[in-house]
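Participant: Submitted below is the structure of interest, expressed as structure tokens.
The values are calculated or read from the model by the stated rules, or taken from the named source; none is laboratory data. Here the structure is a predicted model, which means the values were calculated and not measured. For neighbour counting, all protein chains shown are included, and Cβ atoms are generated from backbone atoms with ideal geometry for every residue, glycine included.
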Amino acid sequence: MNSTATGPEIVTVAETVRPTRPNPKIERETHKLEKRLCRQVGQAIIDFNMIEKGDRVMVCVSGGKDSFGLLDILLKLQQRAPVHFDIIAVNLDQKQPGFPAHILPEYLAKLGIEYHIETQDTYSIVKQKVPEGKTMCSLCSRLRRGILYGVADRLKITKIALGHHRDDMLHTFFLNMFFAGKLKGMPPKLVSDDGGHIVIRPLAYVAEKDLTAWAAHRQFPIIPCSLCGSQENLQRQEIKRMVHAWERQYPGRTETMFTALQNVVPSHLMDATRYDFKGIKITGVADANGDTAFDAQDLPSPTLPGVGVVTL
Ligand code: SF4
């Protein structure tokens, strides 16, 4: 740097930047977060038998924080898994205007893993078929699903992994209850609608806020999801707002509700196809839990913080 004897000393930005010192508290938190993510994903894989020896797992990477997180954690678990399985990252470039097509290939190539980019212009089809002002998501997702199943066939994939997390599953449950009159959520594992694939959701136990924090820590090159110009479904937005408001007012409620999805009691609901109400007969044996038919159940106060119900 040059300076004159009389003028003010010019200091370049580079000289003012001091190396940031590691912050032990942040490091500890990040370490805990990583352990939690690995534990929760590992537990979901075990609980639902998601991945087996010899599987070829196609991880669908959209460029959002959730799918980046899914790939990242699965790669970590692959290193320590007792059985061998392959991971193949797949991205579908739907030719949305402004989609930065170089980001994912560059990122995946740097990881040194097997990957495939499928390019198919579903954007034009959707634009053409859906009237202006209507939401394009349902046709778009249907087309995307079909294409991904085709890719899975070509790549001899045995499991298709999606990046939906705990909050997505809960929101879907409420969407179905409020707008479709069904007690139906988003399953952690299912057979695809074409009957030919097994779809898994290894982030089933993971909270969205943890994925957000992990994405920030890992500095994933996130691709914005609003490129297509379509609005997120308004009903889903409403449900999200409702669940967030509950969580603010009653901390822990989200976890409690999520636990409820894993504790279904068909005999205490009203679906005669799930429980044989017509065929009920007296047993002559007293229920050890008391008179559950008439007594109100003791429930914890809603103002108490939720217990750590997702015990992994
Ligand atoms: S937001 Fe856009 S890309 Fe995503 S499903 Fe809807 S239409 Fe498709």
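Participant: Do the conditions hold for residue 62, that is, is it hydroxyl-bearing (Ser, Thr, Tyr), within 20 Å of the chain's Cα centre (by Cα) and part of a helix (DSSP H, G or I)? Full working, then the answer.
Facilitator: Numbers: hydroxyl-bearing (Ser, Thr, Tyr): yes; within 20 Å of the chain's Cα centre (by Cα): yes; part of a helix (DSSP H, G or I): no.
When the stated conditions are applied, residue 62 does not pass them.
Participant: Here is a further query. Touching a Gly at 6+ places or on another chain (Cβ under 7 Å) and within 26 Å of residue 119 (Cα to Cα): does that describe residue 152? Please lay out each step first, then the result.
Facilitator: On the way: touching a Gly at 6+ places or on another chain (Cβ under 7 Å): no; within 26 Å of residue 119 (Cα to Cα): yes.
Considered against the rule, which asks whether it is touching a Gly at 6+ places or on another chain (Cβ under 7 Å) and within 26 Å of residue 119 (Cα to Cα), residue 152 comes out as no.
Participant: Which of the strands (runs of 3 or more DSSP E) found entirely inside segment 70-176 contain at least 3 residues meeting this: within 13 Å of the ligand (Cβ to nearest atom)?
Facilitator: Values: elements: 86-93, 114-119, 159-161.
Strands (runs of 3 or more DSSP E) meeting the threshold: 86-93.
Participant: Filter segment 181-206 down to residues that are of a type in the set (D, E, K, R) and surrounded by fewer than 19 Cβ atoms within 10 Å (Cβ to Cβ) and give me whichever is nearest to the ligand (Cβ to nearest atom). Walk me through how you get there before you give the answer.
Facilitator: Of the residues in segment 181-206, the ones of a type in the set (D, E, K, R) are 182, 184, 189, 193-194, 201.
Now restrict to residues that are surrounded by fewer than 19 Cβ atoms within 10 Å (Cβ to Cβ): 182, 184, 189, 193-194.
Working: 182: 22, 184: 20, 189: 22, 193: 16, 194: 19 Å.
Across segment 181-206, the extreme among qualifying residues is 193.
Yes/no matrix, rows are residues, columns are (1) over 15 Å from residue 225 (Cα atoms); (2) buried (at least 16 other Cβ atoms within 10 Å of the Cβ):
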residue: 82; (1), (2): yes, no
residue: 90; (1), (2): yes, yes
residue: 97; (1), (2): no, no
residue: 101; (1), (2): no, no
residue: 105; (1), (2): yes, no
residue: 108; (1), (2): yes, yes
residue: 115; (1), (2): yes, yes
residue: 124; (1), (2): yes, no
residue: 144; (1), (2): no, yes
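Participant: Separate question: Output the qualifying pairs, or none if there are none: Cβ atoms under 8 angstrom, residues six or more apart or on different chains, first residue in segment 216-235 and at pLDDT below 90, second residue of a type in the set (Val, Ile, Thr) and within 14 Å of the ligand (Cβ to nearest atom).
Facilitator: 228/126; 230/135; 231/135; 233/135
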